[in-house]
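The values are calculated or read from the model by the stated rules, or taken from the named source; none is laboratory data. Computed from a predicted model, the values in this text were never measured in an experiment. Here the Cβ positions follow ideal geometry from the backbone for every residue, glycine too, while neighbour counts run over all protein chains shown. Please note that ligands, DNA and RNA were not included when accessible areas were found on the heavy atoms of the full protein model with its side chains. Shrake-Rupley method; radii C 1.70, N 1.55, O 1.52, S 1.80 Å.
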Amino acid sequence: MSSAITSTRHASCLVVTIDSPPVNALTEEILEAVAEAVAAAAEDPAVGAVILTGAGRTFVAGADIRMLERIAAGEEPPLRFNEAMARIEQSPKPVIAALNGPALGGGLELAMACHYRVAAQGIQVGQPEVKLGLIPGAGGTQRLPRLAGVEKAMEMCAFGEPAGAAAALEAGILDRIVEGGAVEGAVALAAEGVAVRRTRDRQDRLSDGAAAESLAALFTEACAKRMPRQAAPPAAVDAVAAAARLAFDEGLRYEKKGFEECLEGEQSKALMHVFFAERATGRVPGLPAGVQPLAVRAAAVAGAGTMGSGIAMCFANAGLPVLLADSSAEHLERGLANIRRNYEAAAGKGRLSAEQVQARLALIRPVRGYDGFETADIVVEAVFEELALKQHVFRTLDGIARPGAVLATNTSTLDVDAIAASTRRPDSVLGMHFFSPANVMRLVEVVRGRATAPHVIATVMELSRRLKKLPVLAGNCFGFIGNRMFAPYRAQAVSLVEQGAPVRQVDEALTNWGMAMGPLAVGDLVGLDVYWLIRQEALRLGIPHTPCASFEDELYKLGRHGQKSRAGWYVYGDGRRAGDDPEVARLVREYSSWQGIEQRAWSERDIRERTLLALINEGARILDEGIALRASDIDVVFVNGFGFPAWRGGPMHYAAALGLDRVRDRLQALYDAEGPYWKPAPLNWTT
Ligand code: NAI
């Protein structure tokens with residue numbers, strides 16, 4: 001028997017517990033051991049029923065993803081879960097799944113192969129495979145519609161969102177929710193003398209084939225809107241629809257084919273890469289062994305603008321008291337009003353209770369000056385993006401903050417060392433670069449200065465996770481990882497417009513490829529004034545590859561600052577809908593002719609090639625310079641901070657999947673034709 005399985009007796013029940021920390025992920029070996037235990041119970045006259053449960057706080061969180069990767073790479077034979085599931089389902093004695101915690105993916109599939117499902121309160125069930133570019137591969141698309149109906153099964157398999165216990169009970173996925181422990185509940189159910197009842201034999205909830213087909217058409221359309229260009233969601237819908245027209249075993253074969261196609265595809269490889277990349281960011285090589293993060297019990301934020309108020313919410317959301325200061329009483333008031341509005345909107349949508357709103361608001365205390373900042377274990381600065389101002393603020397904070405307190409700056413581009421140098425404790429200073437809106441976006445770039453102490457890095461990495469953020473460690477350079485790479489990508493987009501590509505064509509070339517927004521529309525969202533300031537600073541510092549002239553500067557000078565001024569690259573009516581502006585087309589023609597920039601027609605492919613090559617090449621430089629610890633960290637930054645499609649794995653994974661030789665050849669060709677801008681950086685990573 002697998003060491004991950006334990007069997008104990010509970011009255012006349014055999015309780016089989018899957019115990020494979022941290023989340024009881026399913027492997028062939030574990031499932032085989034469960035099937036064996038069920039078979040042995042069938043032979044044992046003393047056993048009346050089998051109860052299957054998970055150790056710890058999870059039932060089974062899904063199949064082991066490393067195993068799936070090995071199967072995809074051809075290093076292991078294809079998935080054989082169905083055989084073991086069938087043996088469990090065929091048991092002549094009742095098998096009851098006791099859901100002590102979440103049953104997701106293979107976990108729900110296993111539970112559905114059991115004859116009954118008893119759940120503790122607060123658990124979740126789901127088929128989240130699409131989030132890894134897969135469809136359920138162990139009967140999920142065939143058993144779920146038999147329990148919950150075709151529509152519910154399509155929704156769960158296509159979108160991957162979990163259902164809470166109550167919803168799952170109502171849908172027919174669960175038989176019972178119990179007050180106490182799931183195992184006790186399952187024992188009680190067994191004592192009622194329940195009979196064997198196989199999900200595979202259920203027909204009552206299945207729609208007829210025609211109804212299932214029309215549901216499939218609706219869901220396929222919804223997938224195209226909600227998860228455009230992803231292969232797995234419509235494949236999951238298709239497999240569920242098959243349950244309505246095929247016999248069970250045939251349906252399983254149909255599902256398996258769809259699963260294997262997804263597993264062999266590029267999208268699942270990219271999504272699994274992102275899954276592991278996100279988990280790897282927390283590992284910081286080179287920190288001395290035994291370095292201890294400091295305890296953070298109280299925080300303070302300087303600057304209550306867009307970012308500062310969002311950052312204060314992050315602390316309050318994690319239950320940490322936070323002081324909020326601003327040099328302008330009016331801005332402080334506005335910041336607090338925004339926070340309140342934000343929480344109330346969350347309550348309005350049912351995401352927070354009225355008590356939670358009150359509790360969180362109570363944790364955020366506005367202060368005059370920096371009153372009380374001496375009590376904070378960490379101070380995050382989020383004042384205007386001006387070096388001299390930030391240095392002044394840090395000098396002041398140095399005089400107030402208690403010894404050992406961490407001083408973090410939320411700067412997007414400025415030199416963290418220059419900020420640290422204005423204090424007498426540069427070892428306590430680092431960057432904590434949140435993304436906007438700070439209370440929503442998971443990404444935080446943790447920027448290590450020259451003098452930042454290891455325990456300070458460890459503290460902020462851990463604190464970020466406590467704030468439910470995704471921290472990525474970055475070295476100190478202009479723009480760190482994300483904004484530094486985004487600059488040449490956007491500069492290419494602008495240059496293409498200068499060379500004759502229509503604004504919308506440039507943006508659509510990238511959104512059609514999967515980017516959440518086009519690079520020019522992003523300019524309008526963030527503000528062309530912000531990008532203008534950043535560009536001036538880059539020019540002042542002599543940052544390589546910064547073009548000395550840019551049409552975007554002209555838009556800025558005309559007061560076209562983007563959405564905030566209702567005009568930028570596009571025009572904006574009442575809402576955020578971007579309208580084409582013939583005036584921009586005229587202005588750019590005028591600009592280009594004045595600058596002597598040659599005009600030509602561009603294909604979407606050309607546009608993508610240039611913008612993405614500029615992005616990847618800068619990523620290669622960042623990696624080469626050690627600004628990012630690993631290529632996969634760069635991917636995490638772009639997927640989580642810049643709307644890069646996760647199913648393409650991030651820029652570095654995408655380049656590696658394309659073939660780094662091919663990328664180098666294309667850069668070299670552009671270099672030969674157009675000069676130094678395109679000089680290939682060292683391209684030698686694996687992801
Ligand atoms: P903002 O203009 O909304 O807020 C800045 C606030 O700082 C203002 O309320 C201002 O009154 C206050 N302030 C100025 N001097 C101060 C002082 N001496 N003491 C206390 N408060 C002072 O600016 P925003 O957008 O919140 O940006 C703040 C920082 O965050 C900047 O460094 C920016 O680069 C960075 N950042 C901004 C992002 C964004 O998307 N807006 C994203 C990531 C970082």
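Computed from Cα positions, the angle between helix 482-498 and the longest principal axis of the chain comes to roughly 70 degrees. Axis angle, to the nearest 10 degrees, between helix 182-191 and the longest C-alpha principal axis of the chain: 20 degrees. In this structure region 82-225 gives 34 Å² per residue of accessible area when probed at 1.4 Å with all protein chains present.
When you work out D = kT/(6 pi eta Rh) for region 5-264 at 37 °C and 0.692 mPa s, using the Kirkwood radius from C-alpha pairs as Rh and the Stokes-Einstein form, the result is 183 µm²/s.
Each peptide in 524-531, 408-415 gets a packing score, the mean of other Cβ atoms within 10 Å over its residues, and the list from highest to lowest is 408-415, 524-531.
Atom-type composition of the exposed protein surface of region 25-155 places 51 percent of the accessible area on carbon and sulfur (1.4 angstrom probe). Taking the charge dipole of the chain about its Cα centre, with +1 at Lys and Arg Cβ atoms and -1 at Asp and Glu Cβ atoms, the residue from Ser91, Gln358, Phe435 reaching farthest to the positive side is Gln358. Centroid-to-centroid, using Cα positions, region 363-434 and region 194-246 are 54 Å apart. Computed with a 1.4 Å probe over protein heavy atoms only, the accessible surface of region 456-529 comes to 25 Å² per residue. Distance from the C-alpha centroid of region 466-535 to that of region 65-109: 43 Å, rounded to the whole angstrom. Starting from the Kirkwood Rh over alpha-carbon pairs, what translational D in µm² s⁻¹ does region 59-108 have by Stokes-Einstein at 25 °C and 0.890 mPa s? The Stokes-Einstein estimate is 196 µm²/s. For the peptides 134-146, 672-684, residues were scored by their other Cβ atoms within 10 Å and the scores averaged per peptide; the highest-first order is 134-146, 672-684.
The listed peptides 632-644, 297-309, 246-258, ordered by packing as a protection proxy, come out as 632-644, 297-309, 246-258 (highest mean of other Cβ atoms within 10 Å first). Run lengths n ≥ 4 of DSSP H only: what is the helix-derived mean residue ellipticity at 222 nm for the chain, with -39500 (n - 2.57) per run over all residues, to the nearest 500? Helices in the chain give a 222 nm mean residue ellipticity of -15500 deg cm²/dmol.
Accessible surface area normalised per residue over region 568-687 is 48 Å², counting heavy atoms of protein chains with a 1.4 Å rolling probe. Remark: for residue pairs Lys131/Lys469; Lys349/Lys390; Lys349/Lys564; Lys225/Lys349; Lys269/Lys564; Lys564/Lys679, the C-alpha separation exceeds 30 Å in Lys349/Lys390; Lys269/Lys564; Lys564/Lys679.
For the chain, the longest principal axis of the Cα atoms and the long axis of helix 248-264 meet at an angle of about 30 degrees.
Calculated from the alpha-carbon coordinates, region 22-175 shows an Rg and a Dmax of 14.7, 45 Å respectively.
Of the solvent-accessible surface of region 361-517, computed with a 1.4 Å probe and all protein chains present, 54% belongs to carbon and sulfur. Hydrodynamic estimate: the Kirkwood radius of the chain over Cα pairs, inserted into Stokes-Einstein at 10 °C and 1.306 mPa s, corresponds to D of 57 µm²/s.
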